[in-house]
1. Counting just the residues of region 135-159 that are touching a Leu at 6+ places or on another chain (Cβ under 8 Å) and open to solvent by 50 Å² or more (accessible area, probe 1.4 Å), which one comes out farthest from residue 78 (Cα to Cα)?
2. Of 102, 149, which residue is hydrophobic (A, V, I, L, M, F, W, C) and at pLDDT below 85?
3. Being loosely packed, with under 13 Cβ neighbours inside 10 Å and β-branched (Val, Ile, Thr) is the filter here, so list the residues in region 72-99 that pass it.
Amino acid sequence: MIKTMKKNWLLWLILGIIIFGLGLFLIIKYFISDPHTIVINFGDKSKLDLMLLVSGLLVAILAVFIIFPSFKASRGGYKIIYGLELLIVAFVAVFGFIIPFFLDIFGVSIEAFNFLAVNQWYGLIFWIHGAIKLSQCAFSSPKNKGLVFLVGLLAVSFGVWLFFNGPKVEQFQIIVAFAIAILGAIMLGIAIVGATERKRVKN
C-alpha cells in the first residue's frame, strides 16, 4: 500500500493536504467553541455535523490502510471474511455516517439511521476486526501470530468498551479530529517521501 502511495504521490499529496486541513480545522473549531463541539448549526433543524463527515472519511481511510491489505494477503476462507468486513465497513461509512451527514444539512429526520450512536458504530467496527484477527490465530497460522493475537485482543476489548461506554466520553469528538489530522499528516509524509525518491531516480 505504501509503495502504491509513493508511486502516486501527487494524488496522495492532495488528499493528505485536504484530510490534514480538515482535521486541523476541526481541532481549532472544537477548542474555540462553547460548548466544545465540531457541529456547525445553521438554524433550529439544519446543521453541518462534521463529526459524521469526518467519521465517514476516517472509516474509509482505515479500511484502505488496514483491512484491504489483509484482504489482499489472505487466501481461501479468510479472503471471503475480509471481503465481508470491507462490505460491513462500507455499509457503516455510508448508512452510519455519510447519509445522516447530508440529511442533517437539509434538516431531514435521521431517526431511521441513528439507532446506533457514532461511538457505537466505531465500537462495532473494532470488535469485528478484532474478532477476525483472533479467529485467524485460533484456526490458522498467520505471520507474526503473537502480534496478530495482541492486535485482535486489543481491538475486541476496545470495541466492546467503546460500544457500551463510548457515548459517555465527552471528548470523543476531539479524539476523532486528532485521528483524522494525524492520518492526513501520515499521508502527506508518505507522499513527500515518494516525490523525493522519484526525484532522486530521475537525477
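The values are calculated or read from the model by the stated rules, or taken from the named source; none is laboratory data. None of the values given here were measured: they were computed from a predicted structure. Positions of Cβ are backbone-derived with ideal geometry, glycine not excepted, and every protein chain shown enters the neighbour counts. Each accessible area value is taken on the protein alone, full model and side chains, heavy atoms only, with ligands, DNA and RNA left out. Shrake-Rupley method; radii C 1.70, N 1.55, O 1.52, S 1.80 Å.
1. 153
2. So the residue among 102, 149 that is hydrophobic (A, V, I, L, M, F, W, C) and at pLDDT below 85 is 102.
3. Once the filter is applied, which keeps residues that are loosely packed, with under 13 Cβ neighbours inside 10 Å and β-branched (Val, Ile, Thr), region 72-99 yields only 80.
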